[in-house]
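Working notes, beginning with the structure itself.
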Amino acid sequence: MSTAIRIPMDLWEEQDEAVITTWLSAEGEAVATGQVIAEIMVQKIQHDILAPASGSLSILKEADEVVAKGDLIGQVQ
């Protein structure tokens, strides 16, 4: 069973989009619950994306892609 990694809905109010600046873990890499796995930029403020579960990371959106609130960007399997 996989666990979705989504852009949080509550990081910002006025902006509808963010940019994935970097993935700190690679495709297929083992990650642990709560580990910082990616960073996104919203209005010149960097935010961490944490792994929601432990397992193997599957990346669905690449670095430098524009994403919206709630977008599915990866999965942990």
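The values are calculated or read from the model by the stated rules, or taken from the named source; none is laboratory data. Everything quoted here is computed from the prediction, not taken from an experiment. Here Cβ is always computed from backbone atoms with ideal geometry, including for glycine, and neighbour counts include all displayed protein chains.
Of the residues making up the range 61-71, one or more are surrounded by 16 or more Cβ atoms within 10 Å (Cβ to Cβ) and either of a type in the set (G, A, S) or part of a strand (DSSP E or B) (or both). Of all residues in the range 2-12, those that are loosely packed, with under 12 Cβ neighbours inside 10 Å and either at positive phi or free of Cβ contacts under 8 Å to residues at least 60 places away in the same chain (or both) total 1. Looking across the range 13-42 at every residue that is in contact (Cβ under 8 Å) with a residue 40 or more places away in the chain and among the hydrophobic types (A, V, I, L, M, F, W, C), the one that is surrounded by the fewest Cβ atoms within 10 Å (Cβ to Cβ) is identified as V19. Scanning the range 1-31 for residues that are in a strand (DSSP E or B) and at pLDDT 95 or above yields T3, A4, I5, R6, V19, I20, T21, T22, W23, A30, V31.
Are any of the residues in the range 43-54 in a loop (DSSP other than H, G, I, E, B), surrounded by fewer than 16 Cβ atoms within 10 Å (Cβ to Cβ) and either in contact with a Gly (Cβ under 8 Å, 6 or more places away or on another chain) or at pLDDT below 95 (or both)? Yes, the conditions are met somewhere in the range 43-54. Filtering G34, G74 for residues that are in contact with a strand residue (DSSP E or B) (Cβ under 6 Å, 6 or more places away or on another chain), at pLDDT 95 or above and not in a loop (DSSP other than H, G, I, E, B) leaves a single hit, G74.
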